[in-house]
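Student: This is the structure I want to talk about, given as structure tokens.
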Amino acid sequence: MAILAIIGGTGLDALGILQVEKREVINTPFGEPSGPVTRGILCGQEVLFLPRHGYDHHLPPHQVNYRANLWALRSAGAEQVLAVAAVGGIHADMDPGRLVIPDQIIDYTWGRPSTFFEDGFEQNGEGVVHIDFTEPYCQTLRQQLLSAARTAGIEVHDGGTYGATQGPRLETAAEIARMERDGCHLVGMTGMPEAALARELALCYATCAVVANRAAGKAEGVITMAEIEANLKGGMQRVGELLESLMPLSKLG
Ligand code: HPA
């Protein structure tokens, strides 16, 4: 049975619906993960949980050790990884509070360790260096999420391009206008290199994005943390419901 790991983002530093069994400190060849991996039971099934920014939210997006996180989750037995991420909405349909299962990525990040393939690392002794990334998200998990949402009557948007920015600052209006011309529907700071690293480890990885705000220049006034937090609250509640609906399906994966 495929063990599902959930990577929590801003607004999901703890998973209240999880019956926690233990927290495992996992050392990796790539340094320390964001914290111990929580192993627990969700709807009768074993799952893993790791908050990307740490349990006390101390790690900004550009300082997350993405390699250690994915390595630790795989070492703990994960085969599927659901990444939960707060995003800004660029496209007019991406209203604050909305859940989105994106299907594409454009990477604008820089300077982040973004591959395992260095210093002699080999995947299964095959020496693969160039992973196929045409479809950056795992279709199996994407479809399971969409089906779970239908079953639970939760509205989610199917598809969209996630633009990954460096952060930690938010973008300028001109940067968002350029991203929109590029074809981005969403903007977030953590989607890369996380998705690519998951693929390098052959993990089935998909994202559930929660729109926290309209991106820079897409609404009147400045973007405040209070606005982001308020929109994430309702969104994360629905992510919990989506997870509960996903569990019986992920067993099949
Ligand atoms: N930009 C980048 N990342 C984000 C945003 C945003 O507007 N909102 C939440 N995460």
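The values are calculated or read from the model by the stated rules, or taken from the named source; none is laboratory data. Since we're looking at a predicted model, the values are computed, not measured. Every residue, glycine among them, receives a Cβ derived from its backbone with ideal geometry; neighbour counts consider all protein chains shown. For accessibility, only protein heavy atoms count, side chains too; no ligands or nucleic acids. Shrake-Rupley method; radii C 1.70, N 1.55, O 1.52, S 1.80 Å.
Student: May I ask for the net charge around S114, where only other residues with Cβ less than 11 Å from the Cβ of S114 are counted and Lys, Arg are +1 while Asp, Glu are -1?
Tutor: With Lys, Arg at +1 and Asp, Glu at -1, the neighbours total -2.
Student: Given the options V87, V210, V20, which has the most mean-square fluctuation in a GNM of the chain, springs set between C-alpha atoms less than 10 angstrom apart?
Tutor: V20
Student: Given a 1.4 angstrom probe, I'd like the percentage of the accessible area of the chain that is carbon and sulfur, rounded to a whole number.
Tutor: Working: 5470 of 10930 Å².
Reported share for carbon and sulfur atoms: 50 percent.
Student: How big is Rg to Rh over the stretch 1-42, alpha-carbon atoms, Rh as the Kirkwood inverse-mean-distance radius?
Tutor: 0.97
Student: Next question. Do the sum for the chain: with -39,500 (n - 2.57) for every DSSP H run of n ≥ 4, divided by all residues, what is the mean residue ellipticity at 222 nm, to the nearest 500 deg cm²/dmol?
Tutor: -8500 deg cm²/dmol
Student: Note down the net charge around S75, summing +1 for each Lys or Arg and -1 for each Asp or Glu among other residues with Cβ under 14 Å from its Cβ.
Tutor: Around S75, the surrounding residues sum to 0.
Student: Just to confirm the filter: which GluC sites (Glu not before Pro) across the stretch 88-189 are DSSP coil and have at most 11 other Cβ within 10 angstrom of their Cβ?
Tutor: Listed in order of number, the matching sites are E118, E122, E126, E155.
Student: Counting every Cα pair in the stretch 1-124, what percent are over 26 Å apart?
Tutor: For the stretch 1-124, the fraction of Cα-Cα distances above 26 Å is 25 percent.
Student: Follow-up. Which Cys residues of the chain have no other Cys Cβ less than 4.7 Å away and so no disulfide-compatible partner by this rule?
Tutor: By the Cβ distance rule, which asks for a partner under 4.7 Å, the isolated cysteines are C43, C184, C208.
Student: Give, rounded to the nearest 20 debye, the magnitude of the charge dipole that the chain has about its Cα centre when Lys and Arg contribute +1 at Cβ and Asp and Glu contribute -1 at Cβ. If you can, show how the numbers build up before the last one.
Tutor: Details: 19 positive and 30 negative charges, 74 e Å.
Approximately 360 debye in magnitude.
Student: So what's the net charge close to Q104: Lys and Arg +1, Asp and Glu -1, counting the other residues with Cβ under 13 Å from its Cβ? If you can, show how the numbers build up before the last one.
Tutor: Numbers: positive: R142; negative: D103, D107, E135, D158, D182.
Summing Lys and Arg as +1 and Asp and Glu as -1 gives -4.
Student: Restricting to DSSP loop positions (anything but H, G, I, E, B) with no more than 13 other Cβ atoms inside 10 Å of their own Cβ, which trypsin sites (Lys or Arg not before Pro) remain in the stretch 112-193?
Tutor: R169
Student: Let me ask something additional. Just the accessible area per residue of the chain, please: how many Å² with a 1.4 Å probe?
Tutor: About 43 Å² of surface per residue is accessible.
Student: For the chain, what is Rg from Cα atoms divided by 2.2 N^0.38 Å, rounded to two decimals?
Tutor: 0.95
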